[in-house]
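For reference, the structure is listed below as structure tokens.
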Amino acid sequence: MLEGVSVVRDGRAILDSVDLTLRERRIAVLGPNGSGKSTLVRLLNGLVTPSKGRVAVDGHDTAKDAALVRRRVGFVFQNPENQIVFPIVSEDLAFGLKHLKLPKAELHRRVLEALERFGIGHLAERQSHTLSGGERQLVALAAVMVMKPALVVFDEPTTLLDLRNRNRIRAAITEMPESAIVVSHDLDLVRDFDRAIVIDQGRVVRDDRPGPAIDWYRAHFG
Amino acid sequence: MIGSLYIGGDSLLHRQPAWRKLLVLFAAGIVLFVVQAPEILAGAAVAAAAILATVRPPLRALRRQLTGVAIILAAIFAANAVFADWGTAFAMLFRLSTLVLLALAVTMTTRTSDMLEVVERVLQPLERTGLVNAARVSLAVSLAIRFVPEIFARYREIRDAQAARGLAGNPVALIVPLVVRTLKSAEEIAAAIDARGFEGAHPSGSASGRTGRQGGTAS
């Protein structure tokens, strides 16, 4: 939930008095480059804190309870290259779990389970820098899902991918049971979502079902 | 090129805990510098090679790792032969070869995360003094290992792009974009570590020491 949220950087308003309650299972965030989409979704994970107003996830203020919020909200970045921090894939997935102090066997089981879920179990022992773009994005997604978040935020997850890998990520997002908020320029990806929010110049300019919202977006920014 | 040298497997060395392997390597380092006899050191080098062979390392990986080291060892051997004597030169050659082969056997059979766990444990007493944050140190080491190949790939990309523009020999055209791109991804990496809930900095904190930034990224 965002209440009267403004984000100001270097005297410029990136977001301006945004009020939103996000409950739907699949929500798309659309908007032109520089409109404030990424800032909006980064607020949900506490990566950005508001200059004014309040952001709460399940009642937890993102500015005060960032650690708690991050356990509930996973975040998949546009460039998975910067999201994978360990040299071996399985080590990277174990990175987040380590802080939960799980027994080794349980940790190993959860890592394999997360990899298998996206059909990349065979990559467990691969060196991170040898993965293809699509494999990296799936590993980054598995690394987020291994923490079992209730909500996953995707910031332009298909932008850097070719058609085949784009389809793999699309399928992964469509099939996952968790709630998802997806920032994307890929309008086909979000067409079947429950809700679409269009942002422009830091303000919500349209909040609707994806069909009408996409048509409106195309008419105004296409 | 640096990167994780780990090779999956089920050899005796693979099954040993990381702390034991590192302890033996540490002890071997001390013993090797106490022993002066070239014959004994030659035996140690053969033994180290045999230990490495039990890991069954791929020949290509082995060649890649040892070529550079062999050149350095040859230079050290030559310098010792010229400025000291043959006995010292051979002792130095066998001593360093043994250490390199043992270290390679350890790194090829130990996951980075297991090794970092040992580093964290060793640093924990220092953590109580407030001088060191063990989790941060271990994360920094991991990031260095993880991102050196990426930075090298980025370097090649920029070098090719500048060559295409006719700026092949211009170091500024190479270094400036490389530094800018690396710093930009460093910021993104810090955000990604924060987003994944790394609590090494403080219990509810962030890897980069900032729980959420004032301001944002416009896109």
Could you work out how far apart the two model spin labels at A:Ser132 and B:Arg121 are, taking each label as a point 7 Å from the Cα in the direction of the beta carbon, and quote it in nm? 4.0
What is the set of long-range amide H partners of A:Ser6 at a cut-off below 5 Å, with H atoms built 1.01 Å from backbone N? A:Ser17, A:Val18, A:Ser51, A:Lys52, A:Gly53
Of B:Ala53, A:Tyr217, B:Tyr6, farthest towards positive along the dipole that unit charges on Lys, Arg, Asp, Glu beta carbons give the protein assembly as shown: B:Ala53
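Per residue of A:37-47, what is the mean number of Cβ atoms on other protein chains within 10 angstrom of that residue's Cβ?
That works out to 5 on average.
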What list of whole percents do you get for P(r) of the protein assembly as shown, with Cα-Cα distances grouped in 20 Å bins up to the one holding the largest distance? 22, 49, 23, 6, 0
Roughly how big is chain A's charge dipole about its Cα centre, with Cβ charges of +1 (Lys, Arg) and -1 (Asp, Glu), in debye to the nearest 20? 340
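Given charges of +1 on the Cβ of Lys and Arg and -1 on the Cβ of Asp and Glu, with all other atoms neutral, how large is the dipole of the stretch B:56-158 about its Cα centre, in debye to the nearest 20?
About 300 debye.
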Most packed first (mean Cβ within 10 Å per residue), the peptides B:11-18, A:35-42 order as A:35-42, B:11-18
Largest fluctuation, A:Gln78, A:Gln201, A:Gln137 only, Gaussian network model of chain A with Cα springs under 10 angstrom, belongs to A:Gln201
How much accessible area per residue does the stretch B:122-194 have, counting only protein heavy atoms and a probe of 1.4 Å, in square angstrom? 58
Kindly report the accessible area of the stretch A:144-222 per residue (heavy atoms of protein chains, probe 1.4 Å, no ligands, DNA or RNA), in Å². 47
Run the accessible area of the stretch B:50-136 with a 1.4 Å probe and give the carbon-and-sulfur part as a rounded percent. 69
List the lysines whose Cα lies under 25 Å from the Cα of A:Lys101, skipping any in the same chain that are fewer than 8 positions away. A:Lys64, A:Lys148, B:Lys21
Please name which of A:Leu93, A:Val5, A:Asn82 has its Cα lying farthest along the dipole of the stretch A:1-142 towards the positive end, using unit charges on Cβ (Lys, Arg +1; Asp, Glu -1) and the Cα centre as origin. A:Val5
Protein-only accessible surface order, largest first, of A:Glu116, A:Glu3, A:Glu178 at 1.4 Å: A:Glu116, A:Glu3, A:Glu178
Once the dipole of the stretch B:18-110 is set up with Lys and Arg at +1 and Asp and Glu at -1 on Cβ about the Cα centre, which of B:Leu104, B:Ile40, B:Val69 lies farthest towards its positive end? B:Leu104
For A:89-97, mean number of other protein chain Cβ atoms within 10 Å: 3
Any idea how far the Cα center of the stretch B:136-179 sits from the one of the stretch B:66-127, in Å? 27
Have a look at the DSSP beta bridges in chain A and tell me what percent are antiparallel, nearest 5. 50
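What does the charge dipole of the protein assembly as shown about its Cα centre add up to, to the nearest 20 debye, if the Cβ of each Lys and Arg holds +1 and the Cβ of each Asp and Glu holds -1? Show your work: numbers first, answer last.
Details: 54 positive and 43 negative charges, 57 e Å.
Around 280 debye, computed over the protein assembly as shown.
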Going by average Cβ density within 10 Å per residue, which order do the peptides A:205-213, B:189-197, A:149-157 take, highest to lowest? B:189-197, A:149-157, A:205-213
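Suppose a student asked you for the relative contact order of the stretch B:77-157, using Cα pairs under 8 Å spaced at least 6 residues apart; what percent would you report?
That works out to 17 percent.
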Give me a single rounded figure for A:2-12: the average over its residues of other chain Cβ atoms within 10 Å of their Cβ. 2
Using a Gaussian network model of chain A with C-alpha springs under 10 Å, which one of A:Asp16, A:Asp65, A:Asp200 is most mobile by mean-square fluctuation? A:Asp65
Restricting things to alpha carbons, find the Rg to Rh ratio for chain B using the Kirkwood radius for Rh. 1.05
Largest first, please: the extent of the C-alpha atoms of the stretch B:18-110 along each principal axis, to the nearest Å. 38, 28, 17
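Interface B/A, total buried accessible area with a 1.4 Å probe, nearest 100 Å²?
Its buried surface, counting both partners, is about 4000 Å².
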Please give the residues from the stretch A:71-88 for which the solvent-accessible area of heavy atoms, probe 1.4 Å, is smaller by at least 50 Å² with all protein chains in place than with the chain isolated. A:Phe77, A:Glu81, A:Asn82, A:Val85, A:Phe86, A:Pro87
Karplus ³J(HN,Hα) for the stretch B:60-70 (6.51 cos²θ - 1.76 cosθ + 1.60, θ = phi - 60°; Hz, whole; x = Gly/Pro) runs 4, 5, 5, 4, 4, 6, 8, 4, x, 4, 4
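The values are calculated or read from the model by the stated rules, or taken from the named source; none is laboratory data. Remember, predicted model here, so these are calculated numbers, not experimental data. Don't worry about glycine lacking a Cβ; one is built from the backbone with ideal geometry, like all the others, and counts go over all protein chains shown. Surface accessibility is based on the protein's heavy atoms, side chains included, excluding ligands, DNA and RNA. Shrake-Rupley method; radii C 1.70, N 1.55, O 1.52, S 1.80 Å.
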